[in-house]
Amino acid sequence: MSHLRLMMGLAVVAGAAAAAENEPLGEAPITALALFKNGVVSVMREVRPPAGGAFLLTDKIEPAHGTLWCGAEGGFRLTTVSRTFEKTLDTPPLNDICKAYDGQRVTVTFLAATTNALAKGEGMLALFPAGGGANVPTDVTGTVVNPLAPEQAKNFSRDYGEYGNHYRYDDLLYSRARMPVVMPSHLTLRLESGQHVSIPVNLITGIQSAKMNTTVKEAREVWRIEGAQKPFAMAYLAKGMAWAPAYRLTLMDDKQMNISMSAIIRNEMAPFKDADVNLISGFPNIEFANRTSLIVPGSTLASFFQGLARVQGERGASIMSQNIMSNRAMPGNDAGYDLPAVPSEEATADIHYRGIGKLTMGEGETLYLPLEQAKAPYERIVEWIIPDRRDIHGRIHNRGQNPEDTHGTLWDTLAFSNPFKSPITTAPIEVTDGAKVLGQSTISWVNPGQQASVKITKALSVSGGFSEVEVDQKRPLVNWGGSTYRNPDVEGEFRVKNYRATPAKVTVRLQVSGEYLSAAAEPTGRRVLEAGVYAANKRQELTWTLTLAPGEEQTVTYRYSVLILH
């Protein structure tokens, strides 16, 4: 390699981080877990101090704000400290050849530049030789040095004051966590002469070495506990585990069915062994589920306050009603809950814990569990919900051109009572007849013994028609809430016909705004809907249950009065 001319311009190489203090490590295995459906999990650990004084906890523990509680006797102190640990390299040398070969003697084959070129490395300069015509492979042997930049002090931003409805944020640590990892652009060798050469990584075609590093020393923040002499319990809420329930209805004959429940559990938080696991469904209020505690290693005031701003902003966000995976109630928002808006009289508890015994799972594992099954009688009915077409001022609004938007849809459904001793939680439910899949829909919260209905398919062999007309419009105008309203009567009718060769039971739920007056056949049920409490007209649902013989048609007329903004 006499033709190779090397020269060193400048070398700035930082020393490795100081070795970790010789401090004992404590253990904190997970002993119990309670999983919500939205990825929040209640964690219980047993912290086991080693013999001696203070110790370190290296487990990944990230409690939500305000949820960390410890039961140590006699008091203790928990602080975050920076320590250096040995870390296994991820698939060396592909992730970082500088770390993979740091300190090792290597022979590097690279493509020499065709002209004199000055390559700038980590504060180093190297002059590559001129060649003729094309890049030519060139070998160089030396010891790899990993020129680390001097460790920068953490930039603690104090610019976290509130400005209007948002927080200004300028946190270096937070920003770095979201920046892509940049691989080193040069590999630096120290030659026997003491000179250094910096070779562009993209020109390297091969590296020969008797040994390659598989570990590297890395500084990170961990917990340091002092004053604890005996094992103690640690409880907190975190994110990283969830369970997804599902139900299946299998029709056995015309009167009996089998209902089965299963759950899929996903663990992206931490490994655990023989931990007691509970599955939670219900109506929890966890306001700071998305904001980690200040005690989490790496936290800063700027990131903490910026996270609080995100939590406050979520309060006004719209959430789909009866969201299957939602467990969290947020102040000022009544949507997305697991329980119905008006709980039934049979409700006994707002949050249900289902114990499934002890489990062992690794991080990143997913588990499928059949939970329980039961037999129950069922009834096949046709359900027709005719939605209310009026706005808060009593005016008919346009729901679109599709008649289903205004007249509703007739659905073939299964009606049954929850046979389990525990509630049926909001989840997907599949209906089968033997090996035949009839359909899938969503079932909402059903208390033990409470009646439920599940849609199967559109009822094509039972049809319905619906119409309304205003009458008696000569009534005097009515003043309400500072506005003037007309107060006509409305006459309506719905018609149902059974085209089946067997009798059909039909339940019609008519939703109207105003005061119910009369009907040709009195409804079997009447209830006020919560949505109309603050409107000019109360919204109510009238229910009729009809049994139609094969080929029979029935018509029901009704009358109500309504206030309409004049």
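The values are calculated or read from the model by the stated rules, or taken from the named source; none is laboratory data. Predicted, not measured: the structure shown is a model, and the values here were computed from it. Here the Cβ is made from the backbone with ideal geometry for all residues, glycine too, and neighbour counts use every protein chain on show. Surface areas here come from the heavy atoms of the whole protein model, side chains and all, with no ligands, DNA or RNA. Shrake-Rupley method; radii C 1.70, N 1.55, O 1.52, S 1.80 Å.
Take L529: with every protein chain present and a 1.4 Å probe, its accessible area is about 30 Å². Solvent-accessible surface of the stretch 355-489, taken per residue with a 1.4 Å probe and all protein chains present: 53 Å². In summary, the lysines within cross-link reach of K436, defined as a Cα separation below 30 angstrom excluding same-chain residues under 8 places away, comprise K37, K255, K375, K421, K455, K458, K497, K505.
The figure for W223 is an accessible area of roughly 10 square angstrom, using a 1.4 Å probe on the protein chains alone. Is the shape of the stretch 211-253 best called rounded, prolate or oblate, per the rule: a/c under 1.5 gives rounded, else a/b larger than b/c gives prolate, else oblate, with a ≥ b ≥ c the square roots of the Cα gyration tensor eigenvalues? Cα axes put the stretch 211-253 in the oblate bin. For a straight C-alpha distance cut-off of 21 angstrom, the lysines reachable from K87 (same-chain residues fewer than eight places away being disregarded) are K60, K99, K211, K217. Largest to smallest in accessible area, the residues K474, K538 fall in the order K474, K538 (1.4 Å probe, all protein chains included).
When +1 charges are put on Lys and Arg Cβ atoms and -1 charges on Asp and Glu Cβ atoms, the dipole computed for the stretch 234-294 relative to its Cα centre reaches about 180 debye. Only protein heavy atoms count here; under a 1.4 Å probe, W445 has an accessible surface of about 10 Å².
Peptides 420-429, 101-110 ranked from most to least packed give 420-429, 101-110, packing being the mean of other C-beta atoms within 10 angstrom over each peptide's residues.
Computed from point charges on the beta carbon alone (+1 for Lys and Arg, -1 for Asp and Glu), the dipole magnitude for the stretch 212-268 about its Cα centre is near 180 Debye.
For the stretch 444-566, how big is Rg over Rh, using alpha carbon atoms and the Kirkwood form of Rh? Answer for the stretch 444-566: 1.05.
Each peptide among 516-527, 269-280 gets the average number of other Cβ atoms lying within 10 Å of its residues, and from highest to lowest they stand as 269-280, 516-527.
Approximating the spin labels as points 7 Å out from Cα along Cα→Cβ, the D274-to-M212 distance works out to 3.9 nm. At a 1.4 Å probe radius, carbon and sulfur cover how many percent of the accessible area of the stretch 476-566? Here carbon and sulfur together make up 49 percent of the probe-accessible area.
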